[in-house]
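Asker: Handing you this structure, nothing more for now.
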Amino acid sequence: MMLNDLIMMMVGFLILIVGVLVGVAYLTLLKRKLLGYIQIRKGPNKVGFIGILQPFSDAIKLFTKEQTYPFYSNYLSYYFSPIISFILSLMTWMIIPYYFNMISFNLGVLFFLSCTSMGVFTIMIAGWSSNSNYSLLGGLRAVAQTISYEVSLALILLSGIIMIMSFNLMLFNMYQNFIWFLFLMYPLGLCLMSSMLAETNRTPFDFAEGESELVSGFNIEYSSGGFALIFLAEYSSILFMSLMFILIFMGGYNLNLFFYLKLSLISFLFIWVRGTLPRYRYDKLMYLAWKSYLPISLNFLLFFMGMMIFFF
């Protein structure tokens, strides 16, 4: 029986990895098509029917290119940081209980926060081990930004946890049968949305790759497979953040068409924001995190704690 369970778990993880990779592939296609239409052009439309095979040709091109590395880089950490980054982004997906292997985390939110905190180290090591000033600058800015927004992200999640008094993400579904938490904590929902944008280094918070002196951020020295893995990790975390938003604020986890439409909508918002908003200034970004989101999330947390004490 144990062997059977183990095989089922392995098959489950394999399906999970394939599913995430296909999801990420078509999220990149959606991004390129939407940005094309926002900028009044077509986007990828030559490879396959309306460009449907473009992600696969991109993947083949990236993974068959020659792997180069800077001569003065710290080779092992330079080589392994994108791999570990990708593994960490896949590990966060384990907290969703799939119907075929039924892994249910009672401490799912804590596991998610641990994995995202570990992701900061891979960015830092990727920036440092390249031994290039540009990648180090990009890495430092990305780390400062991610750490700042993790604080408000954790406090916003704590408000949701206090509402259901459990770390299990699946209970959010049960508690949101009658009303979504988005309507109960609307300002927190907006704060969480922009914190997720900052956490995944997306526009308007993409300082790690934005300024003229940073060229491309911490991944400037990466090409071919290493760059592809960093790219996959980033888009996998975008999809997962969209999923977290739906779990906590928009009705929880129930596998139906509406659930997937909600997931597509939040992923679409990530891209829409990228096509619409100009980049923030770096000091304003830090001001927003520490002087706006932190007080708001703390006040809401105290308010919900008071409500719980008052009613129970």
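The values are calculated or read from the model by the stated rules, or taken from the named source; none is laboratory data. Computed from a prediction, not measured in an experiment: that's the story for all the values here. Ideal geometry is used to build each Cβ from the backbone, glycine not excepted, and the neighbour counts take in all protein chains shown.
Asker: For the subset of region 268-283 comprising residues that are touching a helix residue (DSSP H, G or I) at 6+ places or on another chain (Cβ under 6 Å) and part of a helix (DSSP H, G or I), which member is nearest to Y37 (Cα to Cα)?
Answerer: My answer is G275.
Asker: Now for a separate question. Only one of these conditions is not met by L265: (1) assigned to a loop (DSSP other than H, G, I, E, B); (2) surrounded by fewer than 17 Cβ atoms within 10 Å (Cβ to Cβ). Which number is it?
Answerer: Failed condition: (1).
Asker: Residues F121, F111, F105: which one is within 26 Å of C191 (Cβ to Cβ), over 19 Å from the mean Cα position of the chain (by Cα) and surrounded by fewer than 18 Cβ atoms within 10 Å (Cβ to Cβ)?
Answerer: That would be F105, the only listed residue that is within 26 Å of C191 (Cβ to Cβ), over 19 Å from the mean Cα position of the chain (by Cα) and surrounded by fewer than 18 Cβ atoms within 10 Å (Cβ to Cβ).
Asker: Would you tally the residues in region 160-170 being in contact (Cβ under 8 Å) with a residue 40 or more places away in the chain, more than 17 Å from E199 (Cβ to Cβ) and assigned to a helix (DSSP H, G or I)?
Answerer: 3
Asker: Here is a check on your reading of the model: is M286 in a helix (DSSP H, G or I), more than 22 Å from the chain's Cα centre (by Cα), surrounded by 12 or more Cβ atoms within 10 Å (Cβ to Cβ) and modelled with pLDDT under 90?
Answerer: In short, no.
Asker: For residues in region 38-77 being among the hydroxyl-bearing types (S, T, Y) and assigned to a loop (DSSP other than H, G, I, E, B), which is farthest from L21 (Cα to Cα)?
Answerer: Among those residues, the one meeting the criterion is Y72.
Asker: With the structure loaded, tell me whether E199 is acidic (D, E), at pLDDT 85 or above and out of contact with any Lys or Arg (no Cβ under 6 Å at 6 or more places or on another chain) or whether it fails that test.
Answerer: Criteria met by E199.
Asker: Continuing with this model, one more query. Is it the case that region 42-63 has a residue that's touching a residue at least 24 places away in the same chain (Cβ under 8 Å) and β-branched (V, I, T)?
Answerer: no
Asker: Looking at region 125-141, can you tell me whether even one residue there is under 17 Å from M196 (Cβ atoms), at pLDDT 85 or above and not acidic (D, E)?
Answerer: no
Asker: Could I ask something else about it? From I147, I95, which residue is among the aliphatic types (A, V, I, L, M), on the phi < 0 side of the Ramachandran plot, in contact with a helix residue (DSSP H, G or I) (Cβ under 8 Å, 6 or more places away or on another chain) and exposed (fewer than 15 other Cβ atoms within 10 Å of the Cβ)?
Answerer: Of the residues listed, the single one that is among the aliphatic types (A, V, I, L, M), on the phi < 0 side of the Ramachandran plot, in contact with a helix residue (DSSP H, G or I) (Cβ under 8 Å, 6 or more places away or on another chain) and exposed (fewer than 15 other Cβ atoms within 10 Å of the Cβ) is I147.
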